[in-house]
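Everything on this sheet refers to the single structure shown next.
The values are calculated or read from the model by the stated rules, or taken from the named source; none is laboratory data. Note that this is a predicted model, so its numbers are computed, not measured. In this analysis, Cβ positions are derived from the backbone assuming ideal geometry, glycine residues included, and neighbour counts consider all displayed protein chains. Quick note on the areas: whole protein, heavy atoms, side chains included, nothing else; ligands and nucleic acids left out. Shrake-Rupley method; radii C 1.70, N 1.55, O 1.52, S 1.80 Å.
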Amino acid sequence: MFFKLSMLNNAKLVALLTAIVLLTYAIPVRAQSPVGVAAVVNDEPISIIDLVERIKLVAVSSNIEMTPQRSNEMAPQILQQLINEKLQLQEAERRGIEVTDEDIARGKSMIEQNAGLPDGMLDRYLSQRQIASGTIENQIRPQVAWQKVLGSMRGEVQISEAEIDDTLERIISNQNKPRNRVQEIFLPVDNPQDSTRVYQTAQEIRDALNKGADFAGLARQFSASASAANGGDLGWLYAGEMSADLQQAVNQLQPGDVSAPVQTVRGYYIVKLLDRRVGDTDAVTDTRLDLYQLFVPISGDMPQDQIDAKIAVLQNTRETANSCDAMANVAVDLGSDLSGKMEGISPGELSGPIRQAVTNLDEGTPSNIIQVDGGALMVMICNVTEESNLPSRQDIENRLRLERLDILARRKLRELRRQAFIDIRI
């Protein structure tokens, strides 16, 4: 990579960014005009306005108060991201890969879903925060293009059955250990000389998180991992699914905690523990119940003898019924419209009294009579299904493939940077 550095000193950079940030917040977006060039990548410019608009977008999407000082601290990392995106777009164009309007629309729709915005409201939301039209599209376009480039490289990644077997065996051997739901931000170190700079960036990101910045927003803006598109969410991970250094960091966290930067051979990670589950029952099986509910309506103005008669029917059924079919026959005789079978119910989805009634209840045995609003009922477990929620072989293969593609993508991006002419002008 050929670098031509025309670096302003730190004081001048602060002054420049401060002036531009104040300018862009003080005047309407449409009145903005290019102020200068921040960098040139293979003869294609990245303007200072591009940089400032991306800084503003990072602030909005991550819930950061972007003061001039913080803008200056984060500007080098954000500019590096813009340079990478320019290289990614150029590589996609070289391969004949196009990003369509439909691709952009899907990307914006995904952002709206993640942010809890109504459909079609993203542009208005950003406009109200004085972020220039097209800024979000300029971020989505290289992301989509690079994903398509990686898609064309999938054939270069082969996952063997033995690798899947080894991973599954490791997961099964750790069943009794905690399972963690984790978010990550990954900052790669492609050159050992960059380690200090990347570490400082990781510290700045962690400081922003400690001051209330949104983890998912920062992950989408800065993380070099494939999980960035999901806000860094890795889902539920068993012990053995993370590298030893990251697992050690996660083990020291409580739900809601964010780690200090964790150095690995690939770069620096910041991880957040969202939740933790412990034990075989929670970690390995998913219990589902098929229930039959026998309900008799009881109104407040019903004579006591009618109430007693209905309760007697339930009591008699409790003493004689030994199957859900027998319960169903009683429901037919009663003409009870609110009786019936419920299938595939998780115990956690049941209301408190019913959940308590079925706890430790044997299959085919009627429960105690339960008083509820509008009547009384009794339930029976017709069938219990326990399914392992261990990752399937396909899930494991997909995860391993994504990890390999991550490595391949970073290698490709390093190659593009080495071959590129990059002129940084601020």
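Below, the figures for the structure above:
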{"item": "Residues that are over 42 Å from the mean Cα position of the chain (by Cα), surrounded by 15 or more Cβ atoms within 10 Å (Cβ to Cβ) and assigned to a loop (DSSP other than H, G, I, E, B), drawn from the range 358-382", "result": "Ile369"}
{"item": "Output for the range 25-39, where each listed residue is open to solvent by 20 Å² or more (accessible area, probe 1.4 Å) and modelled with pLDDT of 75 or more", "result": "Gly36, Val37"}
{"item": "Long-range neighbours under 8 Å by Cβ, at least six apart or interchain, first residue under 12 Å from Ala105 (Cα atoms) within the range 115-127, second polar (S, T, N, Q) and open to solvent by 70 Å² or more (accessible area, probe 1.4 Å)", "result": "Asp123/Ser133"}
{"item": "Checklist (1) touching a residue at least 12 places away in the same chain (Cβ under 8 Å); (2) closer than 24 Å to Phe186 by Cβ; (3) out of contact with any strand residue (DSSP E or B) (no Cβ under 7 Å at 6 or more places or on another chain) applied to Glu415, failing item", "result": "(1)"}
{"item": "Residues of the range 236-261 that turn out to be farther than 19 Å from Lys177 by Cβ and surrounded by fewer than 19 Cβ atoms within 10 Å (Cβ to Cβ), as a count", "result": "3"}
{"item": "Close pairs from the range 149-169: first of a type outside the set (S, T, N, Q), partner not in a helix (DSSP H, G or I), Cβ under 7 Å, at least 6 apart", "result": "Val149/Arg95; Val149/Ile97"}
{"item": "Residue match in the range 317-335 (condition: part of a helix (DSSP H, G or I) and touching a Cys at 6+ places or on another chain (Cβ under 6 Å))", "result": "yes"}
{"item": "Residue list for the range 300-311, restricted to those being open to solvent by 50 Å² or more (accessible area, probe 1.4 Å) and either in a strand (DSSP E or B) or over 11 Å from Ala376 (Cβ atoms) (or both)", "result": "Gly300, Asp301, Pro303, Gln304, Asp305, Gln306, Asp308, Ala309"}
{"item": "Pairs, first without any contact (Cβ under 8 Å) to a residue 24 or more places away in the chain in the range 323-334, second surrounded by 20 or more Cβ atoms within 10 Å (Cβ to Cβ), C-beta under 8 Å, six or more apart", "result": "Ala326/Thr317"}
{"item": "Yes/no for Arg95 being of a type in the set (Lys, Arg), within 28 Å of Arg206 (Cα to Cα) and free of Cβ contacts under 8 Å to residues at least 60 places away in the same chain", "result": "no"}
{"item": "Members of the range 385-414 found to be more than 19 Å from Glu163 (Cβ to Cβ), assigned to a helix (DSSP H, G or I) and open to solvent by 60 Å² or more (accessible area, probe 1.4 Å), listed by number", "result": "Arg411, Arg414"}
{"item": "Subset of the range 175-194 [touching a residue at least 12 places away in the same chain (Cβ under 8 Å) and surrounded by fewer than 15 Cβ atoms within 10 Å (Cβ to Cβ)]", "result": "Asn176"}
{"item": "Pairs with Cβ under 7 Å, 6+ apart, first in the range 46-64 and open to solvent by 10 Å² or more (accessible area, probe 1.4 Å) and assigned to a strand (DSSP E or B), second at pLDDT 85 or above and hydrophobic (A, V, I, L, M, F, W, C)", "result": "Ser47/Val37; Ser47/Ala38"}
{"item": "Of all residues in the range 68-80 being in contact with a helix residue (DSSP H, G or I) (Cβ under 7 Å, 6 or more places away or on another chain) and not charged (D, E, K, R), the one that is nearest to Glu44 (Cα to Cα)", "result": "Leu79"}
{"item": "Residue that is farthest from Ser227 (Cα to Cα) [pool: residues in the range 98-151 that are of a type in the set (Ser, Thr, Tyr) and not in a helix (DSSP H, G or I)]", "result": "Ser133"}
{"item": "Search result, residues across the range 92-110 that are surrounded by 18 or more Cβ atoms within 10 Å (Cβ to Cβ) and either in contact with a Phe, Trp or Tyr (Cβ under 8 Å, 6 or more places away or on another chain) or of a type in the set (Val, Ile, Thr) (or both)", "result": "Ala92, Val99"}
{"item": "Members of the range 125-147 that are open to solvent by 70 Å² or more (accessible area, probe 1.4 Å) and closer than 28 Å to Asn84 by Cα", "result": "Ser127, Arg129, Ser133, Asn138, Arg141, Gln143, Gln147"}
